[in-house]
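So the structure is just underneath, and the comments pick up after that.
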Amino acid sequence: MNYMEIKKYDIANGPGVRTSLFVAGCTHHCKGCFNPESWDFNAGKEFTDETIDEIIESLSPDYIKGLTLLGGEPFEPGNQAALLPLVKKVKSIYPNKSIWAFSGYLFDKQIMDVMAKKYDFTKEFISYIDVLVDGEFKEEEKDLSIIFRGSRNQRIIDVKESLKQERLVLHEKDAVRLGEYKK
């Protein structure tokens, strides 16, 4: 796997100050994508053990709230397999830091119903993700007023709770936005 960039001190791609890894490779090719140079699987730099060590080190300050995976497409099968050692290591060293991921694939219909049945590593990979923003970017639904999403069709999913309940559970903030959250 290749990656485009590691952003340390990112405040745009999840809550708090985070480290964000932009992976290379995406087959969605969404019209109006903010990062089309990341579509090429061969773009950027090689993702190595040294890259993992750099990311782990960047997460060490207490004020860093977690890691965000985006791209490109972290859920392209080859990217998932390459990212699995990273997310495992992050959760083993920093169990209280969150891992967010952004994917054009739908959690319930494509990741869990197709990929998790086809690839052994998908279930394990998704088990380390705390929050997933899913759905392809749709230019006709672009909305700059919503947080952590580019278009209104995208959802913020509480992955841990979804796996526990074996159904899609929206993250509290997204559920409030959609009028579906009840305390």
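Miscellaneous remarks
- Close pairs from the stretch 116-135: first without any contact (Cβ under 8 Å) to a residue 40 or more places away in the chain and more than 11 Å from Ile156 (Cβ to Cβ), partner open to solvent by less than 50 Å² (accessible area, probe 1.4 Å) and not in a helix (DSSP H, G or I), Cβ under 8 Å, at least 6 apart: Ile126/Leu132
- The stretch 125-172, residues that are buried (at least 20 other Cβ atoms within 10 Å of the Cβ), under 22 Å from Gly16 (Cα atoms) and out of contact with any helix residue (DSSP H, G or I) (no Cβ under 8 Å at 6 or more places or on another chain): Val133, Arg149, Gly150, Gln154, His171
- Within this structure, Ala81 passes the test of being under 16 Å from the mean Cα position of the chain (by Cα), within 21 Å of Asp120 (Cβ to Cβ) and assigned to a helix (DSSP H, G or I).
- Residues located in the stretch 29-46, provided they are surrounded by fewer than 20 Cβ atoms within 10 Å (Cβ to Cβ) and either assigned to a strand (DSSP E or B) or touching a helix residue (DSSP H, G or I) at 6+ places or on another chain (Cβ under 8 Å) (or both): His29, Cys30, Lys31, Gly32, Cys33, Phe41, Ala43, Lys45, Glu46
- Residue in the stretch 46-60 that is more than 16 Å from Ile99 (Cα to Cα), modelled with pLDDT under 95 and among the polar types (S, T, N, Q) present: no
- When the criteria are applied in full, Gly14 meets the requirement of being in a loop (DSSP other than H, G, I, E, B), in contact with a strand residue (DSSP E or B) (Cβ under 9 Å, 6 or more places away or on another chain), open to solvent by less than 20 Å² (accessible area, probe 1.4 Å) and touching a residue at least 60 places away in the same chain (Cβ under 8 Å).
- Hits in the stretch 136-153 - residues which are outside any loop (DSSP other than H, G, I, E, B) and among the basic types (Lys, Arg): Lys142
- Candidates are the residues of the stretch 17-28 that are under 23 Å from Ile157 (Cβ atoms) and among the hydrophobic types (A, V, I, L, M, F, W, C); the one that is most open to solvent (accessible area, probe 1.4 Å) is Val17.
For (1) under 17 Å from the mean Cα position of the chain (by Cα); (2) within 17 Å of Gly14 (Cβ to Cβ), each residue gets a yes or a no:
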| residue | (1), (2) |
| --- | --- |
| Glu136 | yes, no |
| Glu140 | no, no |
| Arg155 | yes, yes |
| Val159 | yes, yes |
| Leu163 | yes, no |
| Glu166 | no, no |
| Leu170 | yes, yes |
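- Complete set of residues in the stretch 52-96 that are closer than 20 Å to Ala24 by Cβ, open to solvent by 40 Å² or more (accessible area, probe 1.4 Å) and in contact (Cβ under 8 Å) with a residue 12 or more places away in the chain: Glu54, Gly78, Ala81, Pro85
The values are calculated or read from the model by the stated rules, or taken from the named source; none is laboratory data. Every value quoted in this text rests on a predicted model; they were computed, and no experiment measured them. So basically every Cβ, Gly included, is an ideal-geometry build from the backbone, and we count neighbours across all protein chains shown. All accessible areas refer to the heavy atoms of the entire protein, side chains included, with ligands and DNA or RNA removed. Shrake-Rupley method; radii C 1.70, N 1.55, O 1.52, S 1.80 Å.
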